[in-house]
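Asker: Take this structure first; my questions come after.
The values are calculated or read from the model by the stated rules, or taken from the named source; none is laboratory data. On a predicted model such as this, the values are computed, not experimentally measured, just so you know. Virtual Cβ from ideal backbone geometry, glycine too; neighbours counted across all protein chains shown. The protein model used for the area step is the full one, side chains on, heavy atoms only, and it has no ligands, DNA or RNA in it. Shrake-Rupley method; radii C 1.70, N 1.55, O 1.52, S 1.80 Å.
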Amino acid sequence: MRYAETGFNLEVDLTRGNIERVETDPRDTELYLGGLGTNAKILWDRVPPEVEPFSPDNLLIFSAGLLCGTPATGCNRTIVSTISPQTQLMAFSMMGGFWAPELKYAGYDKVILRGKSPNLVYIWINNDKVEIRDASHLKGKGAVETAELIQQELKEPRAQVAAIGLAGENRVYFASIEQGRSSASRGGIGAVMGDKGVKAVAVRGTRDINVARPLEYLELCNEVLEYIKWRNEHPVPGVMAILTGLGSPQEMKVHDEKWHTENFMWGNSRVRRKDFWNEDIAREWAKTLDTMRTRLISCYNCPMTCGATISPPGLPTYMMKCFSKLTYTMAAFADLEFGLGIAQSATEYGVDGFSTPQVMAFALELYEKGILTDNDFPGMPADNEGRFYWLLDRIVRREGIGDVLANGTYWAAKQIGKGAEEYAHNTIKKHEQLPLKLSMLNPIYFLMYSTGEKINITQIEGQFPQAPFLTMEEKEAFVKDWFQVPDDKFKQIFLDWEPRGEKSMPFYPTPEMCCEIVDWQERMHYIDDALGMCAGLSSFPLKPPYHIHNYPKFISAGTGIDMDEEKLTQAVRRYRTLVRANNTRRGMRRKDEKPPADHWKKRFPELEEKLLDTYYQFKGWNKQGIPTKETLHELGLDYVYEDFEKRGVYSDNGGAPAQETSAEKDKEA
Amino acid sequence: MGEKKKKIIKTIKIDADKCNGCRACEVICSAFHAQPKYSSNNPARSRIRIIRYPLKDIYVPVYAGEYTAAECMGRDKYVVDGKEYEECAFCRASCPSRDIFKEPDSGLPLKCDMCEGEDEPLCVKWCRVDALTYEEREEDVEDVEAPKELDIGLESLAKKYGAQEFMDAVARMSMKA
Ligand code: SF4
Ligand code: SF4
Ligand code: SF4
């Protein structure tokens, strides 16, 4: 018997309309855990670099995490993996909500989509009964609307539905997959779903999920619940408000947006408004949120209520989370009422809440600078807010300039030319980033921005305070109950870390220390993504309930696999390396690993080189960031080495122009 | 007259306004009733179910009550504060008219047993937002043996038709059987 996991994947061939239930190899669970880990393995085995994102041979994998469906609080993530049309690298966006546990209860760990359906379809998974159903009547429908219509036609309100909107259907490079309370937004995976002709995947399951050692497992769950309670009553002092507690940043609860609105950038990630927040705005925004927010809501099996149902006047209700509360508002220099209103359309269209507002602000900046002209915007309204609605519409329909913008700022700038590239200034690996511009280089963040393969800072940071505390007293108080550290040396680093003087940024923490800190932070995210745990209870906040010391116990008691910290760390290194191997094979090299040039004002080129060198070495990668033969061997990934050799990966140091895809390169060769 | 006796009344107070729809209550209830205890979980087997329509702001935790062999003659449908609830939304019965409160495979009825043997109902313990709270109070009750349902029914028939007529009917039926 398999514990925690079901041991079965669903293989759906959309071209031929074939569905198979396939038993998985339990040894893969030991080596790669599940979720992201096993996804990376499947992509490695089955999607070589010649396969373009919109090729029928690209896979779109919906995976429940290894522990989803067990009673572990907050373990509800679906990890969606594919090759991204925007970055042309491996994308592994996650969504919370209710979908992953439902898939487990239906009896599957993953749904693997391949091929392309000739007509728009949706997939209906109801325990053993799996069907590919016609979705032509759902064409053009909103993502939320689609979910409701499918529940109605199946007469199954308990079905969990992951759906795309118009953006996914039209293969917008930043299209999301929406799932009620949540969405998998980053990397344009909704576009791949649209390309495959799949409007939605609906799931309903009524089967048991077993755990190997029940009493021990429940004890661990109870400890976590107790700690969450304690932690909610004991916010961390000395850090900014959104970092004091657990959960995703509690954006649906807070009224005070002084910090975000005055520290994050407005417009096309350029303008800082230092004295923006005042009493009038505070009052007005509080009123907006209070009148539109119907209820605070949680994901499956979690008490944190990080999301909310929002009912903008005259518009249908939708569900919102986190920072998309402000991204549209700030991109448009507008108010919260505008932001919550346009987010309703954006959710139905199914687009990413980070990239989309930036793409629109970028277009308007080009217009202002004369690089784009009236001819590019026929019929665009004169008012700013109207322009954003108009642009959003053009983008998701890929009409006129919208067709260009739908590829994101990086590709759009290339196509537009005339110096537009300078305005696509906030991307890493061709992917739009948080609108944040700072002063002094932070060496820890430098490494995370450069090397994070989820290409999103919030998906690698956490655990370690973002800045040093002012007094020794505060520092000592902080480290006192900091039992989540993998090793006490992290406490010492933090105690020694000063805001000014010898032991301050950018030279302290030293490159060696930065490596360890970043490695710890990243490791926690990778564990979460394999187990299906919400980052808000684990890798993202300070002092979380799940950490490197109790995770091995959860895995052991849950799955029956013997696990300790060392073995877990080794497993994480293995599939983390496999993610990199997938990207290496697709041409990712050192030159791609850098933050936006203007992310910090004060840069230190020599130090930055040293940081990257030291980190690559620490990780067992060569100067180009490619895992070495020895590293691969140590991790049991000799098959990766063989493939690298065959493809001449080690002699390719990334000289080829960035816009070429691997397939094009091969054609020339 | 019977003497006064103490009876413990157990109440779970459901504050549906506080429910966030997380279904933690379903998780723990089904885990608690697994054999062996906590060895598996499956919300479809829970004795509490959340009727949940987030876009309509409908969140109703409902507890499994008695099994009923036949559904009611008619169904009810509530509208509260402008929100229309699904048919029979507030009913606790394990009833042929719907699939909740039944074992998913065998269809056997499920009934909340207030987590027999535990200090406190586990759904309450796992509901961390206080949508479910537990109260116990003592009440004095008359200690009279309640008449059996069949007795009441027969007595009323005997009254209506007369004792002899009634006895004959019983005799005719037992000959046919
Ligand atoms: S912490 Fe928030 S985002 Fe995470 S599972 Fe809980 S409700 Fe969802
Ligand atoms: S645990 Fe509480 S908040 Fe969560 S669904 Fe049950 S009653 Fe609602
Ligand atoms: S009291 Fe116990 S048996 Fe009843 S619904 Fe709650 S958890 Fe289930």
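Asker: Return a yes/no flag: does region A:71-84 have any residue that is farther than 30 Å from B:LYS37 by Cβ and in a helix (DSSP H, G or I).
Answerer: There is no residue in region A:71-84 that is farther than 30 Å from B:LYS37 by Cβ and in a helix (DSSP H, G or I).
Asker: With respect to the numbered conditions (1) more than 14 Å from every other protein chain (Cβ to nearest Cβ); (2) at pLDDT 95 or above, which one is the sole condition not fulfilled by A:THR347?
Answerer: A:THR347 satisfies every listed condition except (1).
Asker: Take the residues in region A:131-146 that are hydrophobic (A, V, I, L, M, F, W, C) and not in a helix (DSSP H, G or I), then tell me which one is farthest from the other protein chains (Cβ to nearest Cβ).
Answerer: Looking at residues that are hydrophobic (A, V, I, L, M, F, W, C) and not in a helix (DSSP H, G or I), I get A:ILE132.
Asker: So which residues in region B:24-58 are charged (D, E, K, R), open to solvent by 20 Å² or more (accessible area, probe 1.4 Å) and within 29 Å of A:GLY180 (Cα to Cα), if there are any at all?
Answerer: Hits for region B:24-58 are B:ARG45, B:ARG47, B:ARG52, B:LYS56, B:ASP57.
Asker: Can you name every residue in region A:562-584 that is open to solvent by 20 Å² or more (accessible area, probe 1.4 Å) and touching a residue at least 40 places away in the same chain (Cβ under 8 Å)?
Answerer: Passing the criteria: A:GLU565, A:THR569, A:GLN570, A:ARG573, A:ARG574.
Asker: Moving on. Which of (1) within 13 Å of another protein chain (Cβ to nearest Cβ); (2) touching a residue at least 60 places away in the same chain (Cβ under 8 Å); (3) assigned to a helix (DSSP H, G or I); (4) not β-branched (Val, Ile, Thr) is the odd one out, the single condition A:MET252 does not satisfy?
Answerer: (3)
Asker: To continue, here is another question. Is one or more of the residues making up region B:87-98 within 14 Å of ligand 3 (Cβ to nearest atom) and touching a residue at least 40 places away in the same chain (Cβ under 8 Å)?
Answerer: Checked region B:87-98: no residue is within 14 Å of ligand 3 (Cβ to nearest atom) and touching a residue at least 40 places away in the same chain (Cβ under 8 Å).
Asker: Would you confirm, using the coordinates I've provided, whether A:ASN210 is surrounded by 20 or more Cβ atoms within 10 Å (Cβ to Cβ), within 30 Å of A:LYS129 (Cα to Cα), out of contact with any Pro (no Cβ under 8 Å at 6 or more places or on another chain) and not assigned by TED's automatic domain parsing to the domain that holds A:LEU113?
Answerer: Considered against the rule, which asks whether it is surrounded by 20 or more Cβ atoms within 10 Å (Cβ to Cβ), within 30 Å of A:LYS129 (Cα to Cα), out of contact with any Pro (no Cβ under 8 Å at 6 or more places or on another chain) and not assigned by TED's automatic domain parsing to the domain that holds A:LEU113, A:ASN210 comes out as yes.
Asker: Next up: Looking only at region A:85-126, filter to residues that are of a type in the set (Ser, Thr, Tyr) and not in a loop (DSSP other than H, G, I, E, B); which one of those is nearest to A:PHE62 (Cα to Cα)?
Answerer: Residue satisfying both the conditions and the ranking: A:SER93.
Asker: What's the number of the condition B:CYS115 fails, among (1) in a loop (DSSP other than H, G, I, E, B); (2) of a type outside the set (A, V, I, L, M); (3) more than 14 Å from chain A (Cβ to nearest Cβ)?
Answerer: Status for B:CYS115: all satisfied but (3).
Here is a yes/no grid of residues against (1) among the β-branched types (Val, Ile, Thr); (2) out of contact with any Gly (no Cβ under 7 Å at 6 or more places or on another chain):
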position	(1), (2)
A:ARG272	no, yes
A:ARG295	no, yes
A:PHE333	no, no
A:VAL351	yes, yes
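Asker: Scan region A:173-184 and give yes if some residue there is within 14 Å of chain B (Cβ to nearest Cβ), within 16 Å of ligand 2 (Cβ to nearest atom), more than 28 Å from A:GLN88 (Cβ to Cβ) and surrounded by 24 or more Cβ atoms within 10 Å (Cβ to Cβ), otherwise no.
Answerer: So far as region A:173-184 goes, yes, one or more of its residues are within 14 Å of chain B (Cβ to nearest Cβ), within 16 Å of ligand 2 (Cβ to nearest atom), more than 28 Å from A:GLN88 (Cβ to Cβ) and surrounded by 24 or more Cβ atoms within 10 Å (Cβ to Cβ).
Asker: What are the residues in region B:24-70 that are away from chain A (no Cβ under 11 Å), within 11 Å of ligand 3 (Cβ to nearest atom), of a type in the set (A, V, I, L, M) and not in a strand (DSSP E or B), if any?
Answerer: The answer is B:ALA64, and nothing else.
Asker: Filter region B:117-128 down to residues that are near ligand 3 (Cβ under 8 Å from one of its atoms) and either more than 13 Å from B:ILE28 (Cα to Cα) or not assigned by TED's automatic domain parsing to the domain that holds B:ILE14 (or both), then give me how many there are.
Answerer: Of the residues in region B:117-128, 0 are near ligand 3 (Cβ under 8 Å from one of its atoms) and either more than 13 Å from B:ILE28 (Cα to Cα) or not assigned by TED's automatic domain parsing to the domain that holds B:ILE14 (or both).
Asker: Give the residues of region A:296-317 that are assigned to a loop (DSSP other than H, G, I, E, B) and within 13 Å of ligand 1 (Cβ to nearest atom), sorted by residue number.
Answerer: A:SER298, A:CYS299, A:TYR300, A:ASN301, A:CYS302, A:PRO303, A:MET304, A:THR305, A:CYS306
Asker: Separate question: Got a sec? Which helices (runs of 4 or more DSSP H) wholly within region A:475-592 have at least 2 residues that are closer than 30 Å to A:ARG213 by Cβ and of a type in the set (A, V, I, L, M)?
Answerer: A:511-531, A:551-559, A:565-585
Asker: Might you check whether a residue that is over 27 Å from B:ASP119 (Cα atoms) and under 16 Å from the mean Cα position of the chain (by Cα) occurs anywhere in region B:72-80?
Answerer: So far as region B:72-80 goes, yes, one or more of its residues are over 27 Å from B:ASP119 (Cα atoms) and under 16 Å from the mean Cα position of the chain (by Cα).
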